[in-house]
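Beneath this line is the structure, given in structure tokens, with notes to follow.
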Amino acid sequence: MGSKLKYALIGCGGCGVGKHLASYALCPDEIELYGVYDVDPARAEAAARKHGVAHVFATYQALLADPAVDIVSVVTPNALHAPISIAALQAGKHVHVEKPIAMNAAEARAIVAAKNAAGRWCMVALNNRFTEQAQFAKRFVDEGQLGEIYHARCGWRRRRGIPGLGGWFTTKSLSGGGPVIDLGVHYFDLTLYLMGYPAPTTVSAMAYQKFGPLPDPAQGRPGMDVEDLAAGFARLAGGASVAFEFSWASNIQQETIYLELLGTRAGLSLVNGELRIFTEVGGQVADLIPQVRNAGAWGNSETRHFIDCVRTGREPLAKPEEAVKMMQIIDAIYASSQAGREIDISAA
Ligand SMILES: NC(=O)c1ccc[n+]([C@@H]2O[C@H](COP(=O)([O-])OP(=O)(O)OC[C@H]3O[C@@H](n4cnc5c(N)ncnc54)[C@H](O)[C@@H]3O)[C@@H](O)[C@H]2O)c1
């Protein structure tokens, strides 16, 4: 490994270029932007031109076969996360994979196995954990300031926001699902992270598709075969519970992104970027507003953290082992909705 780590991007779409390449480009002392690959060569060329990347590869296998590459971001449609991440780990690369880690828990476990066999790091790109507010909340919770957290609520509810009808986001075989796997992995993950990631034991949920039309290939009409809303309830090891709701479209006043942690000593909420603590001061209930910056979710502290982990050997804080638990919940949300009953995943 030279003095600079050589970085490569696989998947040069909105998130690949706008988040990954842009944020690695902000670390020129530690990172050389070495290579890009996209199945659409024009996108790879454009990304390379925009950021001065040296090599445009013809296949991702060729990129992974280049021994110079140290770190790879995998920012493709979800169905390719597991196969490409596993191939990258097997080729000895450190992997920064976008959320969701994979299509389901079985694939996520295969990534964990590949990571352990390779002795390389794999970090899931859960940018919402890396905001100053989330890190403040984590320290606050870990200090025991909330007492016992016995219940949480989380959600990301859009009024109108189905991504690209007919594209990969709305096609189950490429995405794995709708808002649950797209938005749920962010805020359900953040909730569980703050709670210390207890193992899920049961899930009861319903998923609905009331907005997007089903695809009609005979008419050449694009559509969607994933849910546009899912809501439910999960029990966690140790006795706590989480109520959740995620939607791309619903008839509500406005988009809301929220989590609430209910503890025996205090509560904490993060709603549309506003952090609040609900406690008692001088015998009165009181709301506290911690003065931490809301830096937005696509800052580059996530990337800086991963570079530091690769350099120092420190374990990244968005672990694929935790993503396995998240994917167990997501699998169970779909299974519960289909079966019309609660699903027990305590032995999964
Ligand atoms: N963390 C976040 O806030 C955030 C936001 C948006 C997207 N994402 C995630 O990023 C990933 C990509 O989403 P996006 O919005 O950039 O989608 P996108 O459609 O804009 O980009 C996907 C890119 O992958 C390319 N691609 C398709 N098949 C490929 C293959 N076989 N090999 C290489 N490249 C291939 C496409 O040509 C396209 O350029 C998804 O997993 C998504 O969930 C995360």
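The values are calculated or read from the model by the stated rules, or taken from the named source; none is laboratory data. Because the structure is predicted, anything quoted here is derived from the model rather than measured. Because the Cβ atoms are built from the backbone with ideal geometry, glycine has one as well, and the counts that use them run over all protein chains shown. Surface areas here come from the heavy atoms of the whole protein model, side chains and all, with no ligands, DNA or RNA. Shrake-Rupley method; radii C 1.70, N 1.55, O 1.52, S 1.80 Å.
Some observations on this one:
- Solvent-accessible surface ranking, highest first, for Ser173, Ser23 at 1.4 angstrom: Ser173, Ser23
- Maximal additional length on extending the Glu342-Asp142 stretch stands at 68.9 nm, based on 0.36 nm per residue less the C-alpha distance.
- 222 nm mean residue ellipticity, helices alone, for the chain (DSSP H n ≥ 4; -39,500 (n - 2.57); rounded to 500): -8500 deg cm²/dmol
- Under a Gaussian network description of the chain, with springs only between Cα atoms under 10 Å, the residue in Val17, Val141, Val39 that fluctuates furthest is Val39.
- When the residues Trp248, Trp156 are ordered by accessible surface, computed with a 1.4 Å probe over the protein chains alone, the sequence from largest down reads Trp156, Trp248.
- Within the range 5-128, DSSP assigns beta bridges of which about 0% are antiparallel (rounded to the nearest 5).
- The Rg/Rh ratio of the range 5-128, with Rg taken over Cα atoms and Rh as the Kirkwood radius over Cα pairs, comes to 0.93.
- Accessible surface comparison of Lys325, Lys172, Lys210, Lys93, probe 1.4 Å, protein chains only, largest first: the order is Lys210, Lys172, Lys325, Lys93.
- Pairs from the list Lys210/Lys319; Lys19/Lys138; Lys4/Lys172; Lys50/Lys115 with a Cα-Cα gap above 28 Å: Lys210/Lys319; Lys4/Lys172; Lys50/Lys115.
- Net +/- balance of residues flanking Phe57 in space, Cβ distance below 14 Å, scoring K and R +1, D and E -1: -1
- Between Ala218, Ala79, Ala137, the Gaussian network model of the chain with springs among Cα atoms under 10 angstrom shows the greatest mean-square fluctuation at Ala218.
- Spatial separation of Cα centroids for the range 20-97 and the range 191-236, in angstrom: 30 Å
- Accessible-area composition of the range 5-128, carbon plus sulfur, in percent [1.4 Å probe]: 56 percent
- Accessible surface of the range 226-323 [probe 1.4 Å, protein heavy atoms]: carbon and sulfur percent: 49 percent
- Per residue accessible area of the chain, 1.4 Å probe, in Å²: 42 Å²
- Mean Kyte hydropathy of 0.0 or more with a Cα span along the axis of at least 27 Å, helices from DSSP in the chain: 320-339
- Across Ala114, Ala125, Ala54, mean-square fluctuation computed from a Gaussian network of the chain (C-alpha pairs under 10 Å connected) peaks at Ala54.
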